[in-house]
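S.K.: There's a structure below that I have some questions on.
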Amino acid sequence: MDMQATTTRPGGRILADALVAQGIEHVFAVPGESYLDVLDGLYARQDRINLVTCRFEAGAVHMAEAYGKLTGRPAAAMVTRGPGACHASIGVHVAMQDSTPLLLFVGQIPFEETDRDSFQEVDYRRMFGPLAKWVTQIDDAARIPELVAHAVDVATTGRPGPVVIALSEGMQKHLVDVPDLGPIHVARPQPDPTALAHMADLLASAQRPLAILGGTCWSDAGRAAIHAFLTARNIPVAVGFRRQAAYDGTLPNFVGDLGVGSDPALVARAREADLILAIGTRLGEATTQGYQLFPATGGPAIVHVHPDPAEIGRVFRPALGITADLNAFAVQAIALPPGPAPWADWTASLRALREAGRVVPAYTGTLNVAQCMRDLERLAAPDAVFTSDAGNFATWPARFINFGPDQRMLGPTNGAMGYGVPAAVGAALAFPGRQCIAFVGDGGMLMTGTEIATAFHHGAAPIVIVFNNAMYGTIRMYQERSYPGRVSGTGLTNPDFAALIQSFGGHGEAVSDTAAFAPAFQRAAASGKPALIELRMDPEQITSRATIAQLRACTGVVKGAK
Ligand SMILES: Cc1ncc(C[n+]2csc(CCOP(=O)(O)OP(=O)(O)O)c2C)c(N)n1
Ligand SMILES: [Mg+2]
């Protein structure tokens with residue numbers, strides 16, 4: 001904690017000091033004249049705050065969100081009023097649906113000009129009301145420490161989420177005398193011991209349990225504890241949508257992911273479970289296959305563990321709901337006395353399904369993307385951070401890579417295209433030395449791939465893998481299922497992606513045949529520069545499970561990724 005002497009400071013400086021006092025280390029920003037005084041405050045506190053200059057506000061917020069997802073602690077994004085806020089809004093939606101702690105500061109017009117439709121004026125409470133967990137505006141410099149502290153508390157407790165803080169222009173200059181406020185220690189909600197005993201009883205009478213793991217803000221200790229609990233009882237573990245590395249995929253009880261584009265065989269077997277342990281995950285639309293995974297009533301007994309009671313029973317009515325901090329739950333769960341686990345065959349059969357699905361099939365064309373993913377699994381750093389954009393391509397790594405115990409995967413459950421590259425840049429900037437690998441389609445790459453410039457500017461070196469199928473493949477897939485052969489608005493013409501990153505000074509390669517991928521990845525990783533590998537896919541192989549011809553012949557069978 002950094003307690004300043006109570007001397008008079010301008011609002012912009014108080015804000016920078018408030019961030020330091022709250023332990024915020026990274027600010028991802030696109031500057032604007034609406035918050036010059038805050039930029040000046042950050043100049044004064046560059047000893048403690050890393051100010052990252054981004055190229056696009058959506059990129060800035062995705063970077064901050066990726067940091068929050070990775071660490072459980074919020075980073076700040078900072079954008080200008082009006083247009084800047086509009087660009088930033090997609091990242092607030094990601095953080096909301098993903099339950100990620102995040103602070104978004106927005107420069108605001110002078111308070112005196114409110115409601116004149118003045119230059120770039122927006123009412124942020126109304127604009128971000130349904131998108132953010134909380135929206136506030138600071139009009140009085142004396143309240144900066146209080147409101148920033150509350151913003152951090154709101155962002156990080158219960159179901160974590162994004163907080164938007166508008167900063168009136170005038171107050172940023174006002175000189176006031178107010179002390180900084182440091183973080184407070186709030187004891188986390190512990191699981192009710194009676195509920196834990198009830199969970200143990202339900203497990204004792206189960207024959208085919210299945211854990212669905214998700215959630216955010218897992219600590220190292222909590223992550224270790226949940227692994228210990230689930231492995232000790234040999235409970236099969238599926239991860240929720242875009243939570244691929246939430247569980248160590250190399251363990252014999254990891255059985256795959258439940259989401260859009262997941263293995264239909266796993267979905268079918270999940271319906272045979274007689275007990276679902278939904279731990280941290282929301283039982284959201286993607287994870288529950290459009291809310292159809294289980295019947296609304298009369299399905300398996302569900303134990304739903306979530307930090308927010310409002311999430312429990314939202315659609316599926318559980319046999320037991322446990323409101324608790326996830327890490328506290330995990331630590332308490334390992335202390336439960338061991339019970340019978342007569343489901344060894346069930347767990348083994350689900351794992352066998354996972355491994356069978358990872359056997360590399362023969363595909364059309366010269367580039368077998370499945371084999372590239374298996375090569376990447378072998379070659380990526382053991383503690384690599386993978387990030388994913390949204391699109392069909394995301395199903396290739398999800399299906400073929402078992403992420404290791406120290407690897408992480410960050411993806412947007414709201415299906416936000418444009419997330420992958422900025423998230424990898426943000427992760428690489430926050431964790432220098434850690435290998436960060438972005439998966440992105442050719443569509444998503446040209447939405448926010450330009451954030452690679454931020455990596456060059458600040459000295460980070462992520463590796464971007466572009467899955468180029470010359471189309472908005474996901475939408476084409478849905479089109480072929482509903483309107484076979486009537487391709488409408490989904491074809492793309494792309495640049496030479498390798499040349500694109502070379503023009504920044506990075507390492508770029510295009511790969512058109514399978515054997516070329518592994519050495520290309522090794523060269524990219526060894527280059528020490530931001531790197532890009534373009535996978536020149538056969539567009540006919542539209543998903544890992546179907547060709548376009550198969551879709552046309554058999555509409556309605558294949559589900560791809562959002
Ligand atoms: C910001 C945003 N815009 C549009 C969409 C709708 N959408 C979902 S996937 C997709 C196509 C993605 O294309 P690409 O990045 O090339 O990946 P592919 O599906 O071809 O693998 C689109 C347009 C979205 N999810 N997010
Ligand atoms: Mg594409």
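S.K.: Where does region 391-444 land on Rg(C-alpha)/(2.2 N^0.38 Å)? Don't jump to the answer; show the numbers that get you there.
M.R.: Details: Rg = 11.5 Å, N = 54, 2.2 N^0.38 = 10.0 Å.
Expressed relative to 2.2 N^0.38 Å, the Cα Rg reads 1.15.
S.K.: For a quick size check, give me the Cα extents of the chain along its three principal axes, largest first, whole Å.
M.R.: Here the Cα extents, ordered largest to smallest, are 69, 61, 43 Å.
S.K.: On to the next question. Taking amide hydrogens as modeled 1.01 Å from N in the peptide plane, which residues meet the under 5 Å criterion relative to His507, leaving out close sequence neighbours?
M.R.: The list, which skips near neighbours in sequence, is Ala531, Leu532.
S.K.: Over what distance in Å are the Cα centres of region 328-359 and region 236-314 separated?
M.R.: Region 328-359 and region 236-314 have Cα centres separated by 13 Å.
S.K.: At a Förster radius of 35 Å, what calculated FRET efficiency corresponds to the Cβ-Cβ distance of Asp123 and Ala44, to the nearest 0.05? Don't skip to the end; give the middle numbers.
M.R.: Details: r = 31 Å, r/R0 = 0.88.
E between Asp123 and Ala44, to the nearest 0.05, is 0.70.
S.K.: If you wrap a convex hull around the alpha carbons of region 157-235, what volume per residue comes out, as a whole number of Å³? Walk me through the intermediate numbers first.
M.R.: On the way: hull volume 11.6 nm³, N = 79.
Hull volume normalised by residue count: 146 Å³.
S.K.: Restricting things to alpha carbons, tell me how big region 345-426 is in terms of Rg and Dmax, in Å.
M.R.: Here Rg and the maximum Cα pair distance are 14.1, 43 Å.
S.K.: Return, ordered by residue number, the residues of region 258-294 whose backbone nitrogen is under 20 Å from a label point located 7 Å along Cα→Cβ of Ala200.
M.R.: Inside the label zone: 275-279.
S.K.: Using alpha-carbon positions, what is the distance between the centroids of region 88-111 and region 458-500, in Å?
M.R.: Region 88-111 and region 458-500 have Cα centres spaced 28 Å from each other.
S.K.: Taking the full set of protein chains and a 1.4 angstrom probe, give the accessible area of Glu121 in square angstrom, rounded to the nearest 10.
M.R.: 40 Å²
S.K.: For a Förster distance of 30 Å, can you work out the FRET efficiency between the beta-carbons of Asp192 and Ala352, rounded to the nearest 0.05? Intermediate results must be reported in sequence, preceding the final value.
M.R.: Numbers: r = 37 Å, r/R0 = 1.22.
E(calc), rounded to 0.05, equals 0.25.
S.K.: Report, to the nearest whole %, how much of the accessible area of the chain belongs to carbon and sulfur atoms, 1.4 Å probe, protein only.
M.R.: Numbers: 11260 of 20880 Å².
For the chain, the apolar C and S fraction of the accessible surface comes to 54 percent.
S.K.: Can you tell me the accessible area per residue over the chain, all protein chains present, probe 1.4 angstrom, in square angstrom? Mind showing how you got there, number by number?
M.R.: On the way: 20880 Å² over 562 residues.
Solvent-accessible surface per residue comes out at 37 Å².
S.K.: Let me ask another. Given a cut-off of 16 Å, what percent of all Cα-Cα pairs of region 76-132 lie beyond it?
M.R.: Details: 659 of 1596 pairs.
Everything past 16 Å amounts to 41 percent.
S.K.: Moving on. If you count only protein heavy atoms and use a 1.4 Å probe, how large is the accessible surface of Ser219, to the nearest 10 Å²?
M.R.: My reading of the accessible area for Ser219 is about 50 Å².
S.K.: Using 15 Å as the cut-off for backbone N distance, which residues of region 199-233 belong to the label zone defined by a point 7 Å from the Cα of Leu336 along Cα→Cβ?
M.R.: The answer is 199-213, 225-233, whose backbone nitrogens lie closer than 15 Å to the label point.
S.K.: Follow-up. At 222 nm, what helix-only mean residue ellipticity would the chain give, in deg cm²/dmol to the nearest 500, using -39500 (n - 2.57) for each DSSP H run of four or more? Before the final figure, lay out the partial values.
M.R.: Details: 20 runs with 201 residues, N = 562.
After summing the helix terms and dividing by the residues of the chain, the value is -10500 deg cm²/dmol.
S.K.: How much length would be gained if the chain were fully extended between Ala526 and Asp345, taking 0.36 nm per residue of separation minus their Cα-Cα distance, in nm to one decimal? Provide the component values of the computation, followed by the final result.
M.R.: Working: separation 181, 0.36 × 181 = 65.16 nm, distance 4.32 nm.
Taking Ala526 through Asp345 to full extension adds about 60.8 nm, to one decimal.
S.K.: Another question, then. At Ile184 and Thr7, where each label point lies 7 Å from the Cα along Cα→Cβ, what is the point-to-point distance in nanometres?
M.R.: Between Ile184 and Thr7, the simple spin-label model gives 2.9 nm.
S.K.: How far, in nm, would the chain grow between Glu25 and Phe456 when pulled straight, counting 0.36 nm per residue and subtracting the alpha carbon separation?
M.R.: On the way: separation 431, 0.36 × 431 = 155.16 nm, distance 2.01 nm.
Full-extension gain reported as 153.2 nm.
S.K.: Taking θ as phi - 60°, what are the ³J(HN,Hα) couplings along region 216-224 by the Karplus curve (6.51, -1.76, 1.60), each to the nearest whole Hz, with x for Gly and Pro?
M.R.: Working through the residues one at a time gives 10, 6, 6, 7, 4, 5, x, 5, 4 Hz.
S.K.: Using alpha-carbon pairs under 8 Å, 6+ residues apart, how would you state the relative contact order of the chain in percent?
M.R.: On the way: 1316 pairs, mean separation 73.4, N = 562.
For the chain, the relative contact order is 13 percent.
S.K.: Using a Förster radius of 51 Å, what is the FRET efficiency between Leu379 and Glu146 based on their Cβ-Cβ separation? Nearest 0.05, please.
M.R.: 0.55
S.K.: To continue, here is another question. Need the list of aspartates and glutamates near Lys529 for cross-linking: C-alpha distance under 20 angstrom, and skip anything on the same chain fewer than eight residues off.
M.R.: Here the aspartates and glutamates satisfying the reach criterion relative to Lys529 are Asp383, Glu451, Asp496, Glu509.
The values are calculated or read from the model by the stated rules, or taken from the named source; none is laboratory data. Just so it is clear, the model here is predicted, and its values are computed rather than measured. When we count neighbours, we look across all protein chains shown, and the Cβ atoms used for this are built from the backbone with ideal geometry, even at glycine. With ligands, DNA and RNA removed, areas are computed over all heavy atoms of the protein, side chains included. Shrake-Rupley method; radii C 1.70, N 1.55, O 1.52, S 1.80 Å.
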